[in-house]
Amino acid sequence: MQFADGRWVVSDYDDVRAVLADPVTFLPDNALTAVTPVAPAALRSLVRARFSLPPTLANNGSASHAGLRRLVASFFTPSRVAAAEPRIRSLVLERLGGSDLVRDLAWDLPAIVLMELLGLENVDIPTLKRWSSGSLEFFWGNISRERQLELVDDVGDFHQWLVKRYHARDGELFCALADAGVSAEDSAGLCYFLLIAGQETTTQLLSTALRRALSDRALWARLPSAGVAESFVEDVLRTDTPVVTWRRLTAREVVLSGVRVPAGAELVLLLSGKENDPRHLAFGYGRHFCLGAGLARLEAAVTLRTVAEHEPSLRLVGDEPEWLNLLSFRAPRSVTVVR
Ligand code: HEM
């Protein structure tokens, strides 16, 4: 337990699990709060775009969470996720042969799969990726005012697009939300988070997993065998998870690992596991446990297995890549290969 930059960092597995298990003492309200306070000029743009993130899923400690979660979960039942396997495999096959496995494979695949599962058609994937990767940096980056201004239009445009699609009942997800009586504002906030969390994280997991798998020749050769990709993905999630931290807010004074923490304190929970400890909290725990854990695991295992099967001689080249390095997200920005 450490105090750094105005936040309390909780690293012990049992402490982190206990925090996630108790949403009354440890509120999820700050889960989507911008890491860098939004400067006035960027705030004015957000107000003009009528941007808002009301409590819906990850940032919702109120009673409305359960119903919204049930609605979203119905799109990711185990049978719907399992049925996506052949589609994931064929998307991987179409993307073989590139020289950067992030740009040419991991970048858009999870977004395409997510749009199909949510029944959202005619989505321009490059635009969605620009909006969602920009939003990730805007909310979780330690960024300058200038960078905020560069990104803020993508944040606002993305949100306005969601409001428009809700009003037009354009796609299964928006119809389900409107039919359940969820307002335009809540729907847009919910979808804003879901369309980012549901694919940027998986792009990151694929990038890290491909890079790590390619740096171990013996593992690369074994990946096509039954079960090897699945257990490797679990190990990547344990030690190199893309979602490195998640946040909570203390509702009252608490003692964690013998340290007194005041009410209203921001906690940064470390989600990776430790050496020689098979447990991890990569997908969180308790009431807010990730709704896409099964999908992310499947996409990663199928991708690794398919690439390794078809490209046994693929090799990593080049220097250490640049890394995405935000408060909660970490992954290589490129995985350069030759064959
Ligand atoms: C490697 C990929 C992923 C990782 C590491 C990850 C991680 C996480 C974490 C740490 C949380 C917070 C859990 C908590 O507060 O206890 C979360 C929540 C969530 N994730 Fe994921 N996620 C991934 C992929 C996905 C995908 C593919 C989806 C799409 C369905 C998704 C949808 C969600 C949703 C909707 C929540 C909020 C749930 C709630 O508040 O009830 N995630 N995820």
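The values are calculated or read from the model by the stated rules, or taken from the named source; none is laboratory data. Keep in mind the model is a prediction, meaning the values are calculated, not measured. Counting neighbours? That spans all protein chains shown, and the Cβs are built from the backbone with ideal geometry, glycine included. These area figures cover heavy atoms from the full protein model, side chains too; ligands, DNA and RNA do not enter into them. Shrake-Rupley method; radii C 1.70, N 1.55, O 1.52, S 1.80 Å.
Per-structure values
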quantity: Principal axis box of region 262-313, alpha-carbon based, largest edge first, Å; calculated: 55, 27, 17
quantity: Region 257-280-region 287-334 distance, computed between alpha-carbon centres (Å); calculated: 25
quantity: Region 198-267 shape via C-alpha gyration tensor axes, a/c threshold 1.5; calculated: prolate
quantity: Dipole magnitude (debye, nearest 20) for region 1-63, charges at Cβ of Lys, Arg, Asp, Glu; calculated: 580
quantity: Interchain or long-range residues, amide H under 5 Å from TRP323's placed H; calculated: ARG333
quantity: Using distinct alpha-carbon pairs, which all enter the 1/r mean, Kirkwood radius of the chain in Å; calculated: 20.8
quantity: Carbon and sulfur %, accessible surface of region 1-155 computed with the full protein complex present, 1.4 Å; calculated: 53
quantity: Average accessible area per residue (Å²) across the chain - probe 1.4 Å, nucleic acids and ligands excluded; calculated: 44
quantity: For region 233-339: span of alpha carbons on each principal axis (Å, largest first); calculated: 57, 30, 25
quantity: Where only C-alpha atoms are counted, convex hull volume of region 77-157 per residue in Å³; calculated: 127
